[in-house]
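Notes follow the structure.
The values are calculated or read from the model by the stated rules, or taken from the named source; none is laboratory data. This is a predicted model, so every value here is computed, not measured. Virtual Cβ from ideal backbone geometry, glycine too; neighbours counted across all protein chains shown. What goes into the accessible areas is simple: the full protein's heavy atoms, side chains included, and nothing from ligands, DNA or RNA. Shrake-Rupley method; radii C 1.70, N 1.55, O 1.52, S 1.80 Å.
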Amino acid sequence: MTDSGFVIDVRSVPRRAGSLTEKAWSFDAPERIGAEMIGIPAGEKIAFDLRLESVSEGILVTGTLGGHAEGQCSRCLDPIDQDISVFLTELFVYPDSETDRTAEEDEEVERIVDEKIDLEQIVIDAIATDLPLSPLCTDDCPGLCPECGVKLADAEPDHGHDIIDPRWAKLADRMDETGGEK
């Protein structure tokens, strides 16, 4: 386990059930966290405000993390900036606890290793599931014109294109503008 802003030393948390320690800190994200269209960029601050509570099987971590996400609208490709706040709840089990001994190999049980817990994967999963896969700048964003690519929110009200279906193109060549034959 590498030491990073995601790793918490839990030696200061007493192993008595009900004992509680609160921790608040922030650090710069080492790499981008989030979905393809939106995420917390590398170097952006991630702030944690967590409670570490001893329970019989380990340490229950609850609290919030926050940061500033950047991305682009999935319809019009305009930039999006938004602050995010994600709630975390995760149990980290003590080595040799009953949960640790009985957990199947393929079960996702978070463990305390060398008196430290690593929140990195929990944070990545929480942010990825909280952010939209297709973010929008506004709920009613009309997007881009599929023919010319102009942003429809900025286009003239009568913006449109006379597109003739290629299957009917020969027929259109035979008709004049009044609808009669040429």
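Remark: the T138-D158 segment gains 5.0 nm on full extension, using 0.36 nm per residue and subtracting the alpha carbon distance.
Carbon and sulfur atoms: what percent of the 1.4 Å accessible area of region 1-107 do they account for? Reported share for carbon and sulfur atoms: 44 percent. In this calculation the C-beta distance from A103 to A17 is compared with R0 = 25 Å, giving a FRET efficiency of 0.80. For R111, the amide hydrogen comes within under 5 Å of the amide hydrogens of V93, counting only partners 5 or more places away or on other chains and with H modelled in the peptide plane. Positive end of the dipole of the chain (Cβ unit charges, origin at the Cα centre): among P14, L91, A126, the Cα lying farthest that way belongs to P14.
Pairs of C-alpha atoms in region 111-169 farther apart than 13 Å represent 77 percent of all such pairs.
Solvent-accessible surface of region 1-68, averaged per residue with a 1.4 angstrom probe and all protein chains in place: 51 square angstrom.
When the P(r) is computed for region 20-147, the part past 20 Å accounts for 54% of the Cα-Cα pairs. The GNM of the chain, with springs linking C-alpha atoms under 10 angstrom apart, assigns the highest mean-square fluctuation among D130, D158, D78 to D158. Highest GNM mean-square fluctuation among L144, L119, L50, for the chain modelled with Cα contacts below 10 Å: L144. Residue-wise HN-Hα couplings along region 127-140, as the Karplus relation 6.51 cos²θ - 1.76 cosθ + 1.60 with θ = phi - 60° gives them from phi, are 5, 4, 7, 7, 7, x, 6, 10, x, 10, 5, 9, 4, 9 Hz; Gly and Pro carry x. The mean sequence separation of alpha-carbon pairs under 8 Å and at least six residues apart, normalised by the residue count of region 52-119, gives a relative contact order of 29 percent. For V7, the residues whose amide H sits under 5 Å from its own are L119, ignoring neighbours fewer than 5 places away on the same chain, with H placed 1.01 Å from N.
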